[in-house]
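Data block below; observations after.
The values are calculated or read from the model by the stated rules, or taken from the named source; none is laboratory data. Source: prediction; values computed, not measured. Positions of Cβ are generated from backbone atoms using ideal geometry, with glycine treated the same way; all protein chains shown enter the neighbour counts.
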Amino acid sequence: MRRSNKTRTIGLKAWLLGLLFVGGGLFALFSLKPADLLPKDWPLGIRPSEVEHYAELFDRRPVEMGNGTIIEYKLSASKSMGGCIEEHAAPGWVKRLFMAPGYTDSVEVRQLRDRAGMEVKFPEKNRFNGQRRLYLLPSDVSDIQDAYLELLAKELGLITPTVAYVHVSGCTGSGRAYRTEERIDADLLERRGLTNALRVLLSLDPTHPDGQFAKVGGNEEERAQVRGIIERAVTDARSGDLEPLLKLMDHEAAASWLIMAGLDGRELREEKVMFAYQWTTGKLQPIYCSPRNEWQYYAEDHAPLSPNLLTPLLADPDFRALFEKKRTALQQKIPELRGRFATLDLTWLPVLADVAALPFAKTTAMQAQYKLLDRRLTQENAAEHLHRKTYFAPGHATFLHGMSVPEAAAPVADNSEVLAALAKRYKLRQNGDTLVFPRGKYMIDEDLLIPQGIAVVLLEGVRLFLAKDVSLVVRGAFHVRGTLRNPVFVRSMERDAFGTVAMLGDGSQRCRINGLLISGGAGATVGGVRYAGMVSIHGSASSTVINSAISMEEGETALHIDGGQVKLEGIRFEGGSKAQLIIDRANGSVSDCSFLERNAERIANGVSVNACKLAFDNVRVTGMLGTGISVEAASQVLVRKSRFERNAVAISAADLSKVHVEGNNFLGNTLVFRASHDRNQRGGILLVYSNEFIDNTKERDADESSEITNVAIFDQKVLGLFGIAVDPPPSVRRVRR
Amino acid sequence: MSRESKGIGAGWWFLLIAVVLSLVVFVFLLGPDRAIKISAASFLSTTVDGLSQDPGPHRLRQLDLRIDQASLDQLESDLPWSGGEKFPAIVLEHGVEYPVTFRYRGMYSASHYLGDKRSFRLKLKKDNPFAPYRKLNVINPKSFNMVNNHLGIWIAGRMGVPVPWNEMVYVRINDSDQGVMEMYEQIDGDFEKIRGIAKKEVPVFKGDYAPIIDRKLPPKRRLWESADHWEFVGKADSTAAQAQLKALISVVQDTLRTLSERRDTLAKLIDVDTYARYLAAMVVVNTKHMDQYHNQWLVMNERTGVFYPIFWDALLMFPPEGEPLYFINDAIAHWFLRIPEWRLLRDRYAYQALQELYVKGEFMEKYDHTIEEIQPSVLQDRKKYGHVSLTPADVHRFSVVHTISSFAGMRATVNAYWDRLNKRLAANDVTVERGEKLTLRSSSEAPFRLTWSGPMENAPQLIAGRDTLTAERKDGAWTALVPRAVALQEGSWDRPNANWQHYDVQPLNVSIVFPYGVPLDLTITNAITDAEIK
């Protein structure tokens, strides 16, 4: 059969029909396809970028957009390197001018080693949104998943760096989408309320010799101590004894972290894990950070890991139950999470994609949501996937030789010997596991560190004199049993300040102080733990301080309480360069106390409250050049029936804190209420009920992210919120007929 | 439609004749074995390797190197002698250009410089994508399966022996694919600092062939003959370490010390536990590649003040002749393996490793995982060069068929060897006679442990033949080790520097006298496996 040599012309109609069929087909395919169709799963080697370009043309579905404006950062050309940020290919720090809304300064920029992106270092004195360092990571639409992961991590109560999307431009002027991510450093921990915590970095990769020992911050002594504790826990866990590991880890945070690791599709061996070690509780808490890359072979990968602090916990039935319980709870929130993801889409998709590409971006976002919520969160064998075999990195057994690792189990008999020695030296009374200081004078010229689990009681009439920088640290229950007539005195031996009188508990002991008159301390660091207060109470289940006088000249604070239930009553405070009283992460009440500043040059607060739920009742704050009561870190505080006199600021609220103010007298203060944002740009709320204001210079000052609201009627339920009994309504006599 | 049949053209006939003729010439020149191996490798690499389509993305890390082509040509034109010359280059990672110093590897292994995939070394600055490592060898893998050394190192590291960081990578130089190579940490004084256990450099000695001077290969030297045969690397203070090395060598060279005296002195100079692991790893990896002349390292543990070795250039299944259980690779092994309790420690580590790696199948899991990871890169690698025959100069391109068959061969070899070794260590071929004395006769190789209960008193002394065994108190019972005597093979020169020797375990025939007669509750166990002998 032969073909005709005659050429056929294709008419206009045929052209139009052809275009209509092809164009219509593509339009139908892209605009009508289900939104959860995999953007990556196209056959015949079609690349997602090709699909994206077609989608820009043919995907015409309407997409809702948020109202927010895109934040632009600009990085100038470098004087030293001469290059623009677009051509920045050399390693090392380069100085550039960084411009962002409300911020312009010279910064240092370097390329990251382990992934594409930059690290920006801001000047110490001019931080950017409170941050010293920031990562800028080039992003596309698929990176919306990191915003979802941040939301999920926060939902699970994990500490995680804040993620946002911006446009970054250099010399060319055209901005490119970047993800900004906080660097996990001491600043971040402090911003999240973890003061006095050490950072610990751990690798789960048994093939890399360099990551086999935890990298611990702090000084050499602290490093050796924490590394030894970790080594003990992971070694014992590998040989089947989970007890030390269970004791070391914050279970809630560990379970949440493992849930996230199952969701984010990380290659466990590739991503190092950051922890915060809290000296006060002796617990390690993992910090969540989204993975650098999603592991392509995630689903089928069961490669062994190095012995670590997280995955072996899944061998413990109780921990596994907690893991499943938290996962189930998260699964039940899926409908709500979808709504919150949609809000994130509205905010961030316009940053990550051009307007024309938004329908495709929405499809990609939907796919990411589907993957996270419908596939991975509901995956049944999540725990099995994470709970893998472990083996130590090369040479581990050899490198342990000569390393300081704690004994497998704490020696039981040791304490009794130490106790007897202490009792003999200071002429104390020993009642079982309790050391009693009877009435008398005690000259202590070196740190007195009471072993863990030993209770200490100071009886009335005790007079402790501590030498310069010397501290008394009790690592068990602590009782001071002074009375108004026969108080317990603690003073410095000479003119120089002593360190601290501190209690460091594990969250189960109690501290009760009554009739203590203490002065002349400055705070200290003992055994790696920073005790900021002249009297410091860390990790106590409940702290009660009654009828005492605590005054200091040097040091940060007179009394520092970290954690637990708090009851302070009838205390006279004086001095402290930061605040006279600092309370972190505690619930309870402060009543009938007075805070007086005599030093006319010291700019300090009366009380600093961080991450607490506290009621102040009948307190008197006088003459503070800082703030009378400063409330931060999402605290909830009630201040009632109190008197604030001659303070620079009477009450301030910041960082998502809420303060109820009712029935107080404010006299001669420069400013009564301040609600402002902190360096994380998060404001505070003051709800002002009925109060008395006399001769104050200014009543209120609130910035755009905060509010000070007058409320006419004080709802008695507020008292209930703070655990204060509601006054019963006056009884009405019924007359019997 | 009909197709006209055509004959084979004259050109094709000419080509065929040329091929046959060249084969004949090669067979004549090289011998049939070499000629066939070289031509088969060439044929298969040309025909089979090109069939692979879309092998998928690399799962290995990729090393992208840029270097001035003229410098590269200059170095290549003078290999292996240009091995010491360095040129600046750039490693490209995530779009960042990291400056490095590049040099080719020269002598001694031909696979480093023959062929078109040449080994090289990189020296990097502190800020580099492989930090904390700063000196890296990038080696043309020595076997067809390419992972032989990598897996040998993995096994030793798994057994607690210090090893260099070793990772398979896919290399590109100036945008041209070099293929799969083995990245290998070059050890120096930073060895412990990199691993996070020392803050500064530690003393490290390298035991290898002498450096090449004036393009001449220096004569071989035995490492344990003199401290001068070891090269100090790094910037740590070497004074104490040099003195300790001299002391160690004098103990090794002194043939007149008693066994107990030698044991006690060596224990002060070397990390006995790590040496036991090191020698155990050598048995499990089945390699003889660390010998009297090269591939040895000594690191001074400043926390304990003793030397420990590094397992280097492992070569999985490169066995000494006859697979002896107590192979003497060097002078220190000559003495170490004579000490019964140290030999037992080594055997226990070897057996423990076999239980995990072989019996529980952890090695084969790793093996399969490694194959999965390397597969896409091997399929894309068109520069697979290696020794295709036993002649060192025969470094030629080989095919993926070689790789596949080498993987299968290695799997079979490892399984067969470990099966033999496991049975050998666990063998309890023993007869026991109890009477006034305990008589043990055994033709297997394991020592035995006797355990019995008894009151706390002075350690009982057992008379075993002409020896006295002192019992130890352990877990509330008395226990004593019945060691096995070992002897060099007949005709061997009983000196630490003698090459390629081994000890044979002598048959056991011993009567043991207990102070108060043979205890009724006496249990006898294989001291390596702890299995009770019924």
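Out of A:GLU384, A:GLU336, A:GLU324, I need the residue that is away from chain B (no Cβ under 14 Å), outside any loop (DSSP other than H, G, I, E, B), within 30 Å of B:GLU365 (Cβ to Cβ) and within 28 Å of the chain's Cα centre (by Cα). Which one? Break it down stepwise before answering.
Numbers: A:GLU384 fails: within 28 Å of the chain's Cα centre (by Cα); A:GLU336 fails: within 30 Å of B:GLU365 (Cβ to Cβ).
Answer to the selection: A:GLU324.
In region B:102-115 there is no residue that is touching an Asp or Glu at 6+ places or on another chain (Cβ under 8 Å), aromatic (Phe, Trp, Tyr) and within 14 Å of chain A (Cβ to nearest Cβ). Taken over region B:24-55, the residue count meeting the criterion of being within 14 Å of another protein chain (Cβ to nearest Cβ) and either within 15 Å of B:HIS387 (Cα to Cα) or within 32 Å of the chain's Cα centre (by Cα) (or both) is 1.
Which of the residues that make up region A:414-468 are in contact (Cβ under 8 Å) with a residue 60 or more places away in the chain and either part of a strand (DSSP E or B) or under 13 Å from A:HIS479 (Cβ atoms) (or both)? A:LEU449, the sole residue that qualifies. Kindly indicate whether any position in region B:357-366 is buried (at least 21 other Cβ atoms within 10 Å of the Cβ), more than 21 Å from the chain's Cα centre (by Cα) and not in a helix (DSSP H, G or I). Looking for residues that are buried (at least 21 other Cβ atoms within 10 Å of the Cβ), more than 21 Å from the chain's Cα centre (by Cα) and not in a helix (DSSP H, G or I), one finds none in region B:357-366, hence no.
Need at least 1 residues that are farther than 22 Å from B:ASP116 by Cβ per element, so show me which strands (runs of 3 or more DSSP E) inside region B:45-104 make the cut, counting only ones lying wholly within it.
By residue number, B:87-93, B:96-104.
Report those strands (runs of 3 or more DSSP E) wholly inside region A:174-284 carrying at least 2 residues which are closer than 24 Å to A:HIS385 by Cα.
Details: elements: A:176-182, A:197-202, A:273-278.
Per the criteria, A:197-202, A:273-278.
Being closer than 26 Å to A:LYS154 by Cβ and modelled with pLDDT of 90 or more, is that true of even one residue in region A:229-245? Show your work before the answer.
Initial filter on region A:229-245 (closer than 26 Å to A:LYS154 by Cβ): A:245.
Applying the additional criterion that residues be modelled with pLDDT of 90 or more yields A:245.
Checked against the condition, which is being closer than 26 Å to A:LYS154 by Cβ and modelled with pLDDT of 90 or more, region A:229-245 yields at least one hit.
Listed by position, the helices (runs of 4 or more DSSP H) enclosed by region B:179-289 that each have at least 2 residues that are modelled with pLDDT of 95 or more, farther than 24 Å from A:ALA397 by Cα and away from chain A (no Cβ under 14 Å) are B:239-253.
For region A:570-595, a residue qualifies if it is charged (D, E, K, R), over 30 Å from the mean Cα position of the chain (by Cα) and on the phi < 0 side of the Ramachandran plot, and the qualifying residues are A:ARG572, A:GLU574.
Among residues of region B:487-500 that are closer than 21 Å to B:HIS294 by Cα, those with a Cβ under 6 angstrom from a residue that is of a type in the set (Val, Ile, Thr) and surrounded by 12 or more Cβ atoms within 10 Å (Cβ to Cβ), sequence gap 6+ or separate chain, pair up as B:PRO496/B:VAL252. Counting the residues of region B:278-319 that are of a type in the set (Lys, Arg) and either touching a Ser or Thr at 6+ places or on another chain (Cβ under 7 Å) or under 20 Å from B:GLY189 (Cβ atoms) (or both) gives 1.
Go through B:ASN145, B:ASN137 for me and flag whichever is part of a loop (DSSP other than H, G, I, E, B), in contact (Cβ under 8 Å) with a residue 40 or more places away in the chain and within 23 Å of B:GLU373 (Cβ to Cβ). Reasoning before the result, please.
Details: B:ASN137 fails: part of a loop (DSSP other than H, G, I, E, B).
Of the residues listed, the single one that is part of a loop (DSSP other than H, G, I, E, B), in contact (Cβ under 8 Å) with a residue 40 or more places away in the chain and within 23 Å of B:GLU373 (Cβ to Cβ) is B:ASN145.
Which members of region A:469-488 meet the condition of being in contact with a Phe, Trp or Tyr (Cβ under 9 Å, 6 or more places away or on another chain) and either under 10 Å from A:ILE513 (Cα atoms) or at pLDDT 95 or above (or both)? Listed by number, the residues that qualify are A:GLY482, A:VAL488. Of all residue pairs spaced 6 or more apart or on separate chains, those with beta-carbon atoms under 7 Å, a first member in region A:594-606 that is in contact (Cβ under 8 Å) with a residue 40 or more places away in the chain and a second member that is of a type outside the set (A, V, I, L, M) and crowded, with 24+ Cβ neighbours inside 10 Å are A:GLY606/A:GLN580; A:GLY606/A:PHE595; A:GLY606/A:GLY628. Set side by side, the residues A:ALA615, A:ALA653, A:ALA600, A:ALA611 differ, and just one is modelled with pLDDT under 85, of a type outside the set (Val, Ile, Thr) and under 18 Å from A:ILE685 (Cα atoms), which is A:ALA611. Filtered by the rule that a residue be of a type in the set (D, E, K, R), more than 37 Å from the chain's Cα centre (by Cα) and not in a strand (DSSP E or B), region B:417-449 gives B:GLU436, B:LYS437.
Does B:ALA487 fit the bill of being among the small types (Gly, Ala, Ser), under 27 Å from the mean Cα position of the chain (by Cα) and assigned to a strand (DSSP E or B)?
On the way: among the small types (Gly, Ala, Ser): yes; under 27 Å from the mean Cα position of the chain (by Cα): yes; assigned to a strand (DSSP E or B): yes.
For B:ALA487, the condition - among the small types (Gly, Ala, Ser), under 27 Å from the mean Cα position of the chain (by Cα) and assigned to a strand (DSSP E or B) - is met.
Of note, B:PRO132 does not satisfy the criterion of being free of Cβ contacts under 8 Å to residues at least 60 places away in the same chain, out of contact with any Ser or Thr (no Cβ under 8 Å at 6 or more places or on another chain) and surrounded by fewer than 21 Cβ atoms within 10 Å (Cβ to Cβ).
Across region A:232-255, a minimum of one residue is classified as within 14 Å of chain B (Cβ to nearest Cβ) and either buried (at least 24 other Cβ atoms within 10 Å of the Cβ) or in contact with a Phe, Trp or Tyr (Cβ under 9 Å, 6 or more places away or on another chain) (or both).
Does A:LEU194 fit the bill of being over 24 Å from A:LEU314 (Cβ atoms), in contact with a strand residue (DSSP E or B) (Cβ under 6 Å, 6 or more places away or on another chain) and either within 12 Å of chain B (Cβ to nearest Cβ) or not β-branched (Val, Ile, Thr) (or both)? Yes; evaluated as a whole, the condition is true for this residue.
Looking at region A:293-304, can you tell me whether even one residue there is hydrophobic (A, V, I, L, M, F, W, C) and more than 14 Å from chain B (Cβ to nearest Cβ)?
Step one: filter region A:293-304 for residues hydrophobic (A, V, I, L, M, F, W, C), giving A:295, A:299, A:303.
Among the residues that remain, those that are also more than 14 Å from chain B (Cβ to nearest Cβ) are: none.
No, that holds for no residue.
Being more than 33 Å from the chain's Cα centre (by Cα), part of a loop (DSSP other than H, G, I, E, B) and among the charged types (D, E, K, R) is a property that does not hold for A:ARG491. Consider region B:460-475 and keep the residues that are loosely packed, with under 12 Cβ neighbours inside 10 Å and at pLDDT below 85. The one that is farthest from B:THR439 (Cα to Cα) is B:ASP475. With the structure loaded, tell me whether A:THR343 is over 30 Å from B:GLY196 (Cα atoms) and surrounded by fewer than 18 Cβ atoms within 10 Å (Cβ to Cβ) or whether it fails that test. Answer is yes for this residue.
Which condition breaks for A:MET403 when tested against (1) part of a loop (DSSP other than H, G, I, E, B); (2) more than 14 Å from chain B (Cβ to nearest Cβ); (3) of a type outside the set (Phe, Trp, Tyr); (4) touching a helix residue (DSSP H, G or I) at 6+ places or on another chain (Cβ under 9 Å)? All conditions pass for A:MET403, except number (2). The strands (runs of 3 or more DSSP E) falling completely within region A:72-124 that include 1 or more residues that are out of contact with any Gly (no Cβ under 7 Å at 6 or more places or on another chain), within 14 Å of another protein chain (Cβ to nearest Cβ) and crowded, with 18+ Cβ neighbours inside 10 Å map to A:94-100, A:103-111, A:118-121. Considering every residue within region A:469-484, establish whether at least one is surrounded by fewer than 19 Cβ atoms within 10 Å (Cβ to Cβ), out of contact with any Gly (no Cβ under 8 Å at 6 or more places or on another chain) and either over 18 Å from A:SER551 (Cβ atoms) or of a type in the set (S, T, N, Q) (or both). Looking through region A:469-484, none of the residues is surrounded by fewer than 19 Cβ atoms within 10 Å (Cβ to Cβ), out of contact with any Gly (no Cβ under 8 Å at 6 or more places or on another chain) and either over 18 Å from A:SER551 (Cβ atoms) or of a type in the set (S, T, N, Q) (or both).
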